[in-house]
Amino acid sequence: MQGTIVENLSGRKLSVLVALLLIAQVVCFLIGGLIAPTPSSAYNVLGSNCVDPGNNTQKWFYTRGEGSCKNRELTNYRDAESMLEMANRVVFVFQIPIPRENVILDYSRWQQNLIGVLQFDIAYHSENEMKPRTTITIDAKLGYRNKGDPDDAWKPYASSVEERSLDCVIDSKKSDYFYNCSIVPLFELGSLHHDYYLLNIRLPVDHFKHMNEGLGQLESIYLITINQNGGFTKVWVSLKTVFFPFIIGIMIWFWKRVHQLARPPALLEYMLIFLGGALTLLNAPLEYLTLYFDMPFMLLLGDIKQGIFYAALLSFWLVFAGEHMMVQEDNRHNHLRVYWKHLSAVGVGCLSLFIFDMCERGIQLRNPFYSIWVTDIGTNLALTFIILAGISAGVYFLFLSYMIWKVFQNISAKRSVLPGMSAVRRLHYEGVIYRFKFLMLATLLCAAMTVVGFILGQVAEGRWKWDESLEIEYTSAFFTGVYGMWNIYIFALLCLYAPSHKKWPVESESHSNSVSEEIEFSRLPTEPSEISSLASFARKAALD
Amino acid sequence: MTAHRSTWAATFAVMLLLESTVANWWMLGMHGSSADLNPLSSHRDNCLKLNYLAERQQQLCGLSENVLTAISTGARLSIDECQHQFRNSRWNCSTFNNSGNVFGGVLSVHSRETAFIYAISAAGVAYAVTRACSRGELNECSCDSRVRVRKTKKKWQWGGCSEDIRFGEKFSRDFVDSKETGDSPGGLMNLHNNEAGRRSIRSRMERVCKCHGMSGSCSVRVCWRKLPPFRVLGEALAQAYEGATQVRLSDKRRRHTKSKRLRAVSREIKPPNRTDLVYLEESPDYCERNDTMGIPGTKGRVCNRTSPGLDGCRLLCCGRGHNTRMKEVEEKCQCKFVWCCKVQCQTCRVRGEEHTCK
């Protein structure tokens with residue numbers, strides 16, 4: 001008779017393994033906290049106002065280098081009534097990145113992605129009060145240039161005319177005070193393949209279409225660029241590179257062990273391999289490829305990989321709980337079909353998030369300026385999918401809590417008859433219950449730590465200081481810590497739930513001991529008996 | 001242009017007579033102050049010729065043309081803001097284009113007004129330099145000092161170069177404070193007020209955040225800080241002006257070091273903290289014209305007959321009474337403008353009374 005390793009492992013070995021994994025966990029946390037910088041950083045870039053001498057929308061305007069245009073304050077034009085159509089000729093120029101410490105900086109491919117957000121500084125004027133919500137039309141052009149190119153050799157990357165809504169409020173209506181306007185997300189680039197980027201923005205006025213008529217006295221536009229930090233990517237990728245072979249190794253080991261058995265693999269084992277596979281997908285360090293190829297789909301791919309992993313993890317928990325409480329007709333238990341109701345919650349949730357993501361980041365592959373949130377239909381659609389995902393999450397957790405509650409009920413029911421068992425068997429079952437609860441606890445602990453860490457991170461921003469010399473980059477530590485934690489968790493699962501080759505003590509075969517008769521396994525002698533004895537134990541409990 | 005030149009030459013002559021200590025960098029904020037720059041000679045040489053700048057200021061000016069532009073913008077901003085905040089007061093922050101001393105003799109008294117001017121102009125330089133930095137006009141702007149990598153390029157690639165106003169503050173400290181020494185009470189006061197001005201920016205910056213985690217969720221969030229409009233700073237400093245603390249020098253000998261510090265004149269007054277403005281002397285009388293002090297007086301100023309405040313005729317005219325005359329003015333009214341530059345107004349004729357101080 002065989003079970004899984006977790007049941008047969010001695011307490012000492014188990015504690016050594018747990019200690020090792022805990023050390024690995026602490027190391028992950030510290031790597032993020034001490035080595036990695038913050039995950040991403042933001043830059044305020046103030047737009048230079050250039051004036052298009054003609055009406056050539058094809059031309060690129062840039063502020064540094066040969067042939068650049070000079071910034072002119074908009075206030076200089078304010079009284080120039082003759083300058084009609086001036087608005088259509090003002091170009092807001094953002095040339096990024098901006099120089100620092102006398103060094104001309106360029107984007108590194110390690111910096112992975114770029115998000116652009118606009119912030120409008122609009123001064124209050126009593127003659128020109130803005131409505132709380134204004135629709136603005138932005139004519140945006142994004143170009144790029146690489147090192148070694150001439151200063152004016154900007155090549156088009158994307159261009160689009162976008163409508164965005166701008167919510168502006170003001171507390172004290174005094175002139176020259178700024179409205180408090182909402183930020184306007186402009187673009188998201190999934191790859192940062194080139195060295196320099198240039199954004200040209202116009203806010204064209206058209207009285208027929210009532211375009212940009214509601215805009216107040218615009219003083220300046222800030223572009224906030226957000227990119228992932230190269231150092232963070234490096235630490236992250238190294239972490240992935242280390243985990244990747246470990247998880248693959250343990251998966252191969254696990255699968256070999258399963259195949260050494262006479263019976264076909266059980267559902268739980270399939271689930272474990274699926275979970276390992278999903279994690280391997282997440283661990284695959286594809287970021288190395290972005291150093292050589294332009295891969296704008298990395299953001300989307302990252303989301304999908306993470307989605308698959310969550311789906312696998314959630315399904316695994318369901319099946320794990322289910323396999324330990326199945327009632328009566330156990331010839332059916334070994335199929336995923338039994339769980340279709342429960343799993344459909346996971347499926348619907350993940351699918352709706354996937355569709356939402358495709359609508360947002362999928363379309364952004366074609367037009368980086370696209371956002372689903374700007375139109376009312378898009379917002380409703382997006383909200384529908386997100387609410388649907390939320391409902392499925394709720395349903396899922398109801399199912400899961402119910403199943404776990406059932407399992408614990410069965411176990412406690414069974415525990416009451418434990419004193420009547422033979423000593424060896426009782427010790428064994430107590431050990432099994434203990435370890436099951438231990439793993440349950442580990443899962444809960446992992447989940448709780450993720451949640452607590454997240455909340456702590458939101459409350460106490462950024463960095464934590466323990467003393468003057470030691471600064472912990474908390475956000476990064478949280479990310480690497482959580483990532484490491486789930487890797488270690490799954491590693492432990494694959495380790496501990498692999499079939500054991502140890503033999504049970506033969507005492508269970510001796511039916512002479514009639515005291516233990518009533519809790520004897522009701523297993524047919526012909527049935528392959530290698531499924532987790534815990535599962536069979538729980539099933540037995542349900543039968544009672 | 002030639003006329004301009006000659007007045008500038010005259011200015012320089014006057015300035016040299018007035019000793020270089022009174023010469024001040026606010027000149028950069030006056031209209032046309034860059035006209036005396038020779039386009040043919042190098043920028044560094046031009047800066048050396050601006051002898052209203054202290055030596056360190058000339059060095060900083062010589063860094064690049066954009067640095068000079070940023071400082072000029074800062075000076076202009078602060079002068080404009082000062083005039084806006086004090087438009088209704090007896091002292092209306094008047095400036096003089098024809099002498100080296102932009103604010104006249106007002107600065108020679110260590111009064112509240114001096115405190116305000118120093119604070120707002122230190123803030124103005126920090127503000128303008130910060131803006132120039134985020135526009136990418138200055139190459140010197142600093143990187144995030146918290147990233148533990150030495151070389152800039154490596155630093156940028158590793159942990160980014162996020163920067164808020166630290167460089168602006170540092171530059172302002174370097175440029176504006178370079179003239180002052182901590183030896184004299186006046187110097188201590190100016191340094192204190194400069195710092196108070198700069199701190200007024202930092203404390204009024206607004207934090208804005210954006211989430212960009214998986215599928216746009218809030219698991220990853222990045223925050224940055226946004227500069228307030230300069231008007232807000234002006235208003236804040238004007239309030240600090242109202243609540244400024246009178247101080248005196250107290251040099252207590254502590255063991256071996258002699259520390260000079262400013263303390264409130266009496267124990268009942270709350271000791272000033274670093275964001276409060278401080279002054280040493282009471283303000284001079286701004287009512288009457290005083291040519292040696294460079295105070296224009298309030299004669300001829302327009303006042304508001306009904307207002308009980310500082311701009312009311314009673315207070316503004318210092319009890320001398322006011323003249324009233326009927327006036328018909330053409331005004332632009334019902335203006336409607338589309339952003340940027342197109343203003344559509346109607347002209348209205350308004351008949352009204354105008355009161356001026358006697």
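The values are calculated or read from the model by the stated rules, or taken from the named source; none is laboratory data. The structure displayed is predicted, hence computed values, not measured ones. Because the Cβ atoms are built from the backbone with ideal geometry, glycine has one as well, and the counts that use them run over all protein chains shown. When the accessible area is computed, the model is the full protein with side chains, heavy atoms only, and any ligands, DNA or RNA have been set aside. Shrake-Rupley method; radii C 1.70, N 1.55, O 1.52, S 1.80 Å.
How would you order B:313-323, B:73-83, A:155-165 from highest to lowest mean count of nearby Cβ atoms within 10 Å?
B:73-83, B:313-323, A:155-165
Mean separation of Cα pairs under 8 Å and 6+ residues apart, divided by the residue count of segment B:26-297: what relative contact order is that in percent?
Relative contact order, segment B:26-297: 21 percent.
Decide, for segment A:41-228, between rounded, prolate and oblate: order the square roots of the alpha carbon gyration tensor eigenvalues as a ≥ b ≥ c, take rounded if a/c falls under 1.5, and otherwise choose prolate if a/b is larger than b/c, else oblate.
The shape class here is prolate.
Quick query: amide H of B:Ser219 versus all other amide H atoms, modeled in the peptide plane; which residues come in under 5 Å with a sequence gap of 5 or more or a different chain?
Result for B:Ser219 returns B:Gly213, B:Met214.
Could you run the numbers on buried accessible area between A and B, total for both chains, 1.4 angstrom probe, in Å² to the nearest 100?
6500 Å²
For A:Leu189, tell me the accessible area in Å² from a 1.4 Å probe, rounded to the nearest 10.
0 Å²
Mind checking the mean number of beta-carbon atoms from other chains within 10 Å of the Cβ atoms in A:101-107?
That average works out to 6.
Accessible area, 1.4 Å probe, largest first: how do B:Arg263, B:Arg135 sort?
The residues order as B:Arg263, B:Arg135, largest area first.
Applying a 10 Å radius around every beta-carbon, put B:279-291, A:251-263 in order of their mean neighbour count, most first.
B:279-291, A:251-263
So how far, in whole Å, is the C-alpha centre of segment A:105-121 from the one of segment B:184-240?
23 Å
Can you find, among B:Cys47, B:Leu107, B:Trp91, the residue sitting farthest towards the positive end of the charge dipole of segment B:46-118, where Lys and Arg contribute +1 and Asp and Glu -1 at Cβ?
Towards the positive end, the residue furthest out is B:Trp91.
Tell me the label-point distance for the pair A:Arg415, B:Arg44, using the 7 Å Cα-to-Cβ offset, in nm and rounded to one decimal.
Between A:Arg415 and B:Arg44, the simple spin-label model gives 8.3 nm.
Please work out the C-alpha center-to-center distance from segment B:82-154 to segment A:203-243 and express it in whole Å.
Between the Cα centre of segment B:82-154 and that of segment A:203-243, the gap is 30 Å.
Holding the Cα-Cα limit at 23 Å, pick out from A:Lys305/B:Lys153; A:Lys147/B:Lys153; A:Lys234/B:Lys155; A:Lys147/B:Lys155; A:Lys305/A:Lys437 the pairs that are longer than that.
A:Lys305/B:Lys153; A:Lys305/A:Lys437, as the Cα separations exceed 23 Å there.
Just to make sure I understand: if all protein chains stay in place, what is the order of A:Val235, A:Val16 by accessible area at 1.4 Å, largest first?
From most exposed to least exposed: A:Val16, A:Val235.
Quick check: Cα centre of segment A:30-51 to Cα centre of segment A:259-292, how many Å?
35 Å
Just in segment A:274-308: which chymotrypsin sites (Phe, Trp or Tyr not before Pro) are loop by DSSP and have at most 12 other Cβ atoms within 10 Å?
Counting only loop positions with at most 12 other Cβ atoms within 10 Å, the chymotrypsin sites (Phe, Trp or Tyr not before Pro) in segment A:274-308 are A:Tyr292, A:Phe293.
Counting other Cβ atoms within 10 Å of each Cβ, which chymotrypsin sites (Phe, Trp or Tyr not before Pro) in segment A:158-237 have at most 14 and sit in a DSSP loop?
The qualifying sites are A:Phe208.
Please report the net charge: other residues with Cβ closer than 14 Å to the Cβ of B:Met326, K and R +1, D and E -1.
Overall, the nearby charge balance is +2.
If you take the charge dipole of segment A:41-228 about its Cα centre, with +1 on Lys and Arg Cβ and -1 on Asp and Glu Cβ, which of A:Asn71, A:Leu189, A:Gly54 is farthest toward its positive end?
A:Leu189
Let me confirm one metric for peptide A:350-363, namely the mean number of other chain beta-carbon atoms within 10 Å of its residues' beta-carbons.
1
Can you check what the net charge comes to around A:Arg361, using other residues whose Cβ is under 15 Å from the Cβ of A:Arg361 (Lys, Arg +1; Asp, Glu -1)?
Charge balance near A:Arg361 sits at -2.
Give, as ranges by residue number, the residues of segment B:152-195 whose backbone N falls under 19 Å from the point 7 Å along Cα→Cβ of B:Arg202.
B:162-178, B:189-195
What distance in nm separates the two pseudo spin-label positions at A:Leu30 and A:Ile104, each 7 Å out from Cα along the beta-carbon direction?
Each label point is offset 7 Å from its Cα along the Cβ direction, giving 4.3 nm.
If you count, for every residue in A:123-129, the Cβ atoms of partner chains within 10 Å of its Cβ, what is the mean?
Shielding by partners across A:123-129 averages 3.
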